[in-house]
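> Have a look at this one before I ask anything.
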Amino acid sequence: MQTMAFGFPKLGKNREFKKLIENFWKGNIEEKDFFKEIEKLKIKRAEIYSKNVDFFPSNEFSLYDFMLDTSIMLGIIPERFKPYKGLSTYFEMAKGKDALELTKWFNTNYHYLVPEIENDDFSLLKNFPLDDFIFHKNLGFTTLPKIIGPFTFLKLSKIVIKVNGKLKRCKIEEKEKFEKFLEKLIPLYQKILQELFDSGANSVLIEEPAFVMELNVWEWELIKEIYKNLTNLGELWILTYYDNVSNYHNFVELPVNGLGLDLISNKENLENLLKLGFPENKYLIAGIINGRQVWKANLKEKLNVIEKLSQVSKKLIISNSCPLYHLPISLEGEEHLPSSLLEKLSFAEEKLRELKILKDVFEGKDEALKVVKENEKLFKEEFGKNDEIRRKILNLSEKDFKRDLPYQERFKIQQKRLNLPLFPTTTIGSFPQTEDVRKMRTKFNKREISEKEYKSFIKKKIEEVIKFQEEIGLDVLVHGEFERTDMVEFFAQKLEGIATTKQGWVLSYGTRVYRPPIIYGDVYRTSPMTLEEITYAQSLTSKPVKGMLTGPVTILNWSYYREDIPKNEIAYQIAIALLEEIKDLEKAGIKIIQIDEPAFREGAPIKKRDWKNYFEWAVKAFKLCSKANPETQIHTHMCYSEFNEIIEYIYQMDFDVISIEASRSKGEILEAFENYKGWDRQIGIGVYDIHSPAIPTKEEIRKVIERALKVFPKELLWINPDCGLKTRKWEEVVPALKNMVEVAKELRKK
Ligand code: GLN
Ligand code: ZN
């Protein structure tokens, strides 16, 4: 038995990758030195890998995103970025004006850049994997060059087509188009592979996670065709992950030398292996170490699985279940965590060690056997249990998931109570997190200022932002979220049963990082979390201030969580804590409460067959936490969700008002509502894109609303930006919001 690992995070323990790239963007470092530093980071990774596993990949160190790299490698560069001038064009495509679309990578929190195919004029621009393979080889590291496979690449790309004179980007749905592109793509892949084998690569890893999607019969036929054309050049190993392959039989028949399966995400792959067997002549790359959760593996159980697998395959390689970049680098620096939790955790580096230990055990090394004995203890006792909350969950009944009055009746009561004008204006919650805010927080965290000083600073910020909103004439105000670093981490720090890390950074896209909290036990609230700031803000104004909460589904989806407790139960636990908060806010006189659920859609499983189950409990979790009094207006907010397919579930959430992003996906979201019969909820269509520094003109804002007015009756429309303003500057926010309010006023007159 051998070991392999892949997808080790490139960030670096102290976020070196992020700092380096951002420094380069600022012009603080020359290109030559920049590449030298990148090389150092690569070497570090290779050393970590090679210490622990038999096989590991090269070409894993993209400067922004691996899909972008693949696109450029294949010469797929939209006209507007041409000619390709190396790094400058590369970063233009990633984050410049009119950059490529950013989208979620399968059901993870990583975002990739969507390749944009304008024609089939592909060409091999640069064999990136080859360069990286040789770089490693020259340093004495034998690596497996890794590339995104042709099927996954096309499946996740978009083509640009003209509809009614307008350019539209859409996925490739037709067989003929797929074939047409493949015809051009295959020779390029052949060339890439040939060059790799000529340079001494033993095997090449081809990532085809799209094989786990629900595919059409013709798609599997194409896949067979693709690999028939790529075989015979040298040894190919295909990796799949995030779910079971959608057609096991077709998969194992592919004419390649190794096949990787995720044995963690569900049981199906393993069941198929045991039931249907595995071809004798192929390597079985068994993903048995969880690449998405932070828990130590139960080594004894793993050894059992290995035992079974070795009956199935004589060419067994064990590996991580999916790329390790969904995990923080290492536990080093997290010693503040309670030891009873720390001893159960395993981040990326520790996962590599688990693979090593399993191999050592297999080879009968005494040391490793000791580790297994120790490890056994971790799984004996129950952990983080709270009987009271468990009881509450058990006692939940239908009525806990249902508001006391239906929407139409609530609408009237709330209308009367709030007395808002037509086209009420509001924002999504956060206001600029300026340097002073961040500085004070750092000082507070380092104990350089007292809690009292910090709190009075936050109060001052709240005063300013309330005054500003009143001055420009917004109708529903917010407190600005200055006390929050991150919308999930903030609540994680206040709730019991959730831990936060110090250095557990994970890349979300480009150089953007976040620290997912760890839900390790039953979740409950011991004291109010948002009451102080919200009520203070409300005391300063006669206009309604929105209470601002992060929803249960988003908290769960953006955290690591236990897998021995059903996911819906964890969501309900969080929901109960949030409902307690809502009750406190209501008592304090707060009339509107927003529950943000930007991660509602993205938690959906890859396969549609699993959707019903997910959305049913997700909707229930939202309803459980939003069971406010009928007179309390419940808002929710979602951004960058594709609404078409899930609009029915969104409707079932039974909120009073929803605000959504709409400026980037230019009307596509509205189409979803157009097609949905019976929509009667209030809705705030984002009237401008907060991700851009550009200040929207009144004209542009009016256009969005006019388009929305074709779909919704005016009584239902709210006017707001499309997301929180935290990343913007005040110079941008002030004129933008002024324009927005003015447009609302003009429309009211009309
Ligand atoms: N209320 C949050 C904010 O304004 C919402 C952020 C989000 O949707 N991602 O920052
Ligand atoms: Zn948002």
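The values are calculated or read from the model by the stated rules, or taken from the named source; none is laboratory data. All of these numbers come straight from a predicted model, not from anything done at the bench. Here Cβ is always computed from backbone atoms with ideal geometry, including for glycine, and neighbour counts include all displayed protein chains. Keep in mind that these areas ignore ligands, DNA and RNA; they rest on the heavy atoms of the full protein, side chains included. Shrake-Rupley method; radii C 1.70, N 1.55, O 1.52, S 1.80 Å.
> Considering only segment 155-181, how many residues are in a loop (DSSP other than H, G, I, E, B) and either among the acidic types (Asp, Glu) or open to solvent by 70 Å² or more (accessible area, probe 1.4 Å) (or both)? Explain how you work it out, then say what you get.
Residues of segment 155-181 that are in a loop (DSSP other than H, G, I, E, B), as a first pass: 157, 164-165, 172-174.
Now narrow it down to the ones that are either among the acidic types (Asp, Glu) or open to solvent by 70 Å² or more (accessible area, probe 1.4 Å) (or both): 164, 173-174.
So the answer is 3.
> Here are the criteria: (1) in contact with a His (Cβ under 7 Å, 6 or more places away or on another chain); (2) part of a helix (DSSP H, G or I). Tell me which single one Phe444 does not satisfy.
Of everything listed in (1) in contact with a His (Cβ under 7 Å, 6 or more places away or on another chain); (2) part of a helix (DSSP H, G or I), Phe444 misses just condition (1).
> Sticking with this one: What tally of residues in segment 527-567 results from selecting those that are crowded, with 18+ Cβ neighbours inside 10 Å and part of a helix (DSSP H, G or I)?
12
> Select from segment 709-724 the residues that are open to solvent by 20 Å² or more (accessible area, probe 1.4 Å) and under 29 Å from the mean Cα position of the chain (by Cα) and list them in ascending order. Can you show your working first?
Going residue by residue through segment 709-724, those that are open to solvent by 20 Å² or more (accessible area, probe 1.4 Å) are 709-711, 713-715, 723.
Cys723 - this is the single residue of segment 709-724 that is open to solvent by 20 Å² or more (accessible area, probe 1.4 Å) and under 29 Å from the mean Cα position of the chain (by Cα).
> Another question, if that's okay. Considering only residues of segment 468-481 that are more than 22 Å from Ser508 (Cα to Cα), in a loop (DSSP other than H, G, I, E, B) and touching a Phe, Trp or Tyr at 6+ places or on another chain (Cβ under 8 Å), which is farthest from ligand 1 (Cβ to nearest atom)? Spell out the reasoning first.
Step one: of segment 468-481, the residues more than 22 Å from Ser508 (Cα to Cα) are 468-480.
Restricting the remaining residues to those that are in a loop (DSSP other than H, G, I, E, B) gives 473-476, 478-479.
Now narrow it down to the ones that are touching a Phe, Trp or Tyr at 6+ places or on another chain (Cβ under 8 Å): 478-479.
Details: Val478: 8, His479: 11 Å.
So, considering only residues that are more than 22 Å from Ser508 (Cα to Cα), in a loop (DSSP other than H, G, I, E, B) and touching a Phe, Trp or Tyr at 6+ places or on another chain (Cβ under 8 Å), the one farthest from ligand 1 (Cβ to nearest atom) is His479.
> Next question, about the same structure. Please give the number of the condition Ala744 fails out of (1) among the small types (Gly, Ala, Ser); (2) surrounded by fewer than 18 Cβ atoms within 10 Å (Cβ to Cβ); (3) under 21 Å from Val465 (Cβ atoms).
Only one criterion is unmet by Ala744, namely (2).
> Of the residues that make up segment 354-362, is at least one among the aliphatic types (A, V, I, L, M), within 15 Å of Trp295 (Cα to Cα), modelled with pLDDT of 95 or more and touching a strand residue (DSSP E or B) at 6+ places or on another chain (Cβ under 8 Å)?
Kept after step one, since they are among the aliphatic types (A, V, I, L, M), are these residues of segment 354-362: 355, 357-358, 361.
Next, from what is left, pick out any that are within 15 Å of Trp295 (Cα to Cα): 355.
If we keep only those that are modelled with pLDDT of 95 or more as well, we get 355.
Checking the rest, the ones that are also touching a strand residue (DSSP E or B) at 6+ places or on another chain (Cβ under 8 Å) come to 355.
The answer is yes, given that some residue of segment 354-362 is among the aliphatic types (A, V, I, L, M), within 15 Å of Trp295 (Cα to Cα), modelled with pLDDT of 95 or more and touching a strand residue (DSSP E or B) at 6+ places or on another chain (Cβ under 8 Å).
> Continuing with this model, one more query. If I go through segment 3-60 residue by residue, how many of them are open to solvent by 70 Å² or more (accessible area, probe 1.4 Å) and under 25 Å from Ile238 (Cα atoms)?
The number of residues fulfilling the criteria is 2.
> Here are some residues: Thr727, Thr697. Which one is within 16 Å of ligand 1 (Cβ to nearest atom) and either open to solvent by 60 Å² or more (accessible area, probe 1.4 Å) or hydroxyl-bearing (Ser, Thr, Tyr) (or both)? Don't jump to the end; show me each part of the working.
Values: Thr697 fails: within 16 Å of ligand 1 (Cβ to nearest atom).
Only one candidate qualifies: Thr727.
> Shifting gears a bit: State which residue is surrounded by the most Cβ atoms within 10 Å (Cβ to Cβ) when the search covers only segment 623-639 and only residues that are within 16 Å of ligand 2 (Cβ to nearest atom) and modelled with pLDDT of 95 or more.
Step one: list which residues in segment 623-639 are within 16 Å of ligand 2 (Cβ to nearest atom), which gives 635-639.
Checking the rest, the ones that are also modelled with pLDDT of 95 or more come to 635-637.
Numbers: His635: 26, Thr636: 25, His637: 28.
Here the answer is His637.
> Got at least one residue in segment 646-660 being assigned to a loop (DSSP other than H, G, I, E, B) and at pLDDT below 95? Walk me through it before giving the result.
Taking segment 646-660 and keeping what is assigned to a loop (DSSP other than H, G, I, E, B), we get 653-656.
From what is left, the residues that are at pLDDT below 95 are none.
Looking for residues that are assigned to a loop (DSSP other than H, G, I, E, B) and at pLDDT below 95, one finds none in segment 646-660, hence no.
> For residues in segment 75-103 being surrounded by 14 or more Cβ atoms within 10 Å (Cβ to Cβ) and of a type in the set (Ser, Thr, Tyr), which is farthest from Leu188 (Cα to Cα)? Talk me through it step by step, then tell me what you get.
Going residue by residue through segment 75-103, those that are surrounded by 14 or more Cβ atoms within 10 Å (Cβ to Cβ) are 75-78, 81, 84, 89-96, 99-103.
Still in the list and also of a type in the set (Ser, Thr, Tyr): 84, 89-90, 103.
Working: Tyr84: 18, Thr89: 22, Tyr90: 20, Thr103: 26 Å.
Checking each candidate, the answer is Thr103.
> Also, I was wondering about something else. Among the residues of segment 317-326, count how many are touching a strand residue (DSSP E or B) at 6+ places or on another chain (Cβ under 7 Å) and open to solvent by less than 10 Å² (accessible area, probe 1.4 Å).
Residues of segment 317-326 touching a strand residue (DSSP E or B) at 6+ places or on another chain (Cβ under 7 Å): 317-322, 325-326.
Add one more test, that the residue is open to solvent by less than 10 Å² (accessible area, probe 1.4 Å), and what stays is 317-322.
Count: 6.
> Further question on the same structure: Return the pair list, or none, for Cβ contacts closer than 9 Å from residues in segment 434-450 that are in contact (Cβ under 8 Å) with a residue 60 or more places away in the chain to residues that are polar (S, T, N, Q) and open to solvent by 60 Å² or more (accessible area, probe 1.4 Å), at least 6 apart or on different chains.
none
> Select from segment 582-601 the residues that are buried (at least 22 other Cβ atoms within 10 Å of the Cβ) and in a loop (DSSP other than H, G, I, E, B) and write down the one among them that is farthest from ligand 1 (Cβ to nearest atom).
At the first step, the residues of segment 582-601 found to be buried (at least 22 other Cβ atoms within 10 Å of the Cβ) are 582, 585, 590, 592-601.
Okay, now just the ones that are also in a loop (DSSP other than H, G, I, E, B), so 590, 597-601.
On the way: Ile590: 15, Glu597: 8, Pro598: 4, Ala599: 8, Phe600: 11, Arg601: 12 Å.
Here the answer is Ile590.
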